[in-house]
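These notes concern the structure reproduced below.
The values are calculated or read from the model by the stated rules, or taken from the named source; none is laboratory data. A quick note: this is a predicted structure, and the numbers were derived from the prediction, not measured. Glycine also receives a Cβ, built like all others from the backbone with ideal geometry; neighbour counts cover every protein chain displayed.
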Amino acid sequence: MVTENDDEGSTAIDSKVARLIDDYSLGEAYGDRLEALWTADGSERESLRALADRFNERLLEAAITDAGMSTVDGEVANIYRLLTDDDVSSGNRIEARRRLEQHDVDVDKLEQDFVTYQAIRSYLKEYRDARYEGKNQADRKDSVIDTIQRLKSRTRSVAEQSLDQLRGADRITLGEFRLFLDISVHCEECNTQYEFVELIKRGGCDCQSE
């Protein structure tokens, strides 16, 4: 889907993902690849969240390559994890950012370019007019997971900032730290307990197999 700008005689793309594919020179085939993975059958199909991570990691790889920064196999994925994973310590995250910045990678811009699963969904469904029969159930799970993880990320950020401020003001003593935020669900019927996201992804507790 595109919108025309008659005054300037240009074509403006109203999809962030489409724009980034162009900005980072990923090629039209990359959009085809995203659609193929989303509409694939069975275990070959990837969720919108997985595609968002795949896309963001590809942006990171493109930025690293453009900066002339050398990496070993699997290192790009690890750097992406250090930048985005809630369980990464503040020290490791800062170290990863500094390494990129030393090679003139604009980390702030890169993180602003990272997309959510909603942007991937909009790109596939509205921009490319892609369809998948089982999308409603999968999208609803993605929406619930995304909401919880956003809340966890916000809580984590506020907690880390508060600890840093207290430590900086000599109100508490604290060395290098790692903050954990866990949401677990315990089913009293089958007496099982799962981490919230794991429970959603697996489709429920052990009651489903009884």
If I filter the stretch 26-44 down to residues being out of contact with any helix residue (DSSP H, G or I) (no Cβ under 7 Å at 6 or more places or on another chain) and in a loop (DSSP other than H, G, I, E, B), which single residue comes out as farthest from residue 115 (Cα to Cα)? 41
Do you know which residues across the stretch 190-210 are within 20 Å of residue 47 (Cβ to Cβ), among the hydrophobic types (A, V, I, L, M, F, W, C) and assigned to a loop (DSSP other than H, G, I, E, B)? none
Selection count, the stretch 6-24, where residues are surrounded by 10 or more Cβ atoms within 10 Å (Cβ to Cβ) and modelled with pLDDT under 50: 2
Residue identified as among the β-branched types (Val, Ile, Thr), surrounded by 13 or more Cβ atoms within 10 Å (Cβ to Cβ) and free of Cβ contacts under 8 Å to residues at least 12 places away in the same chain among 71, 147: 71
Regarding residue 27, is this residue at pLDDT below 95 and either surrounded by 14 or more Cβ atoms within 10 Å (Cβ to Cβ) or under 21 Å from residue 201 (Cα atoms) (or both)? no
The stretch 131-160, subset within 28 Å of residue 198 (Cβ to Cβ) and outside any helix (DSSP H, G or I), residue modelled with the highest pLDDT: 132
Consider residue 59 carefully, then state whether it is assigned to a helix (DSSP H, G or I), among the hydrophobic types (A, V, I, L, M, F, W, C) and buried (at least 20 other Cβ atoms within 10 Å of the Cβ). yes
Considering only the stretch 80-93, I want to know if a residue exists there that is within 24 Å of residue 15 (Cβ to Cβ), surrounded by 13 or more Cβ atoms within 10 Å (Cβ to Cβ) and not aliphatic (A, V, I, L, M). yes
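Table: residues versus (1) touching a strand residue (DSSP E or B) at 6+ places or on another chain (Cβ under 8 Å); (2) among the hydroxyl-bearing types (Ser, Thr, Tyr).
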{"position": "142", "(1), (2)": "no, no"}
{"position": "146", "(1), (2)": "no, no"}
{"position": "149", "(1), (2)": "no, no"}
{"position": "160", "(1), (2)": "no, no"}
{"position": "170", "(1), (2)": "no, no"}
{"position": "179", "(1), (2)": "no, no"}
{"position": "186", "(1), (2)": "yes, no"}
{"position": "192", "(1), (2)": "yes, yes"}
{"position": "206", "(1), (2)": "yes, no"}
Being surrounded by 10 or more Cβ atoms within 10 Å (Cβ to Cβ) and touching a residue at least 12 places away in the same chain (Cβ under 8 Å) is true for just one of 172, 183. Which residue is that? 183
Mind counting the residues in the stretch 177-189 that are under 30 Å from residue 204 (Cβ atoms) and part of a loop (DSSP other than H, G, I, E, B)? 7
Quick test for you: out of 163, 174, pick the one residue that is at pLDDT 85 or above, hydrophobic (A, V, I, L, M, F, W, C) and either in a helix (DSSP H, G or I) or closer than 25 Å to residue 35 by Cβ (or both). 163
Any idea which of 104, 86 is part of a loop (DSSP other than H, G, I, E, B), among the charged types (D, E, K, R) and in contact with a Lys or Arg (Cβ under 9 Å, 6 or more places away or on another chain)? 86
For the subset of the stretch 107-133 comprising residues that are acidic (Asp, Glu) and more than 18 Å from the chain's Cα centre (by Cα), which member is surrounded by the most Cβ atoms within 10 Å (Cβ to Cβ)? 126
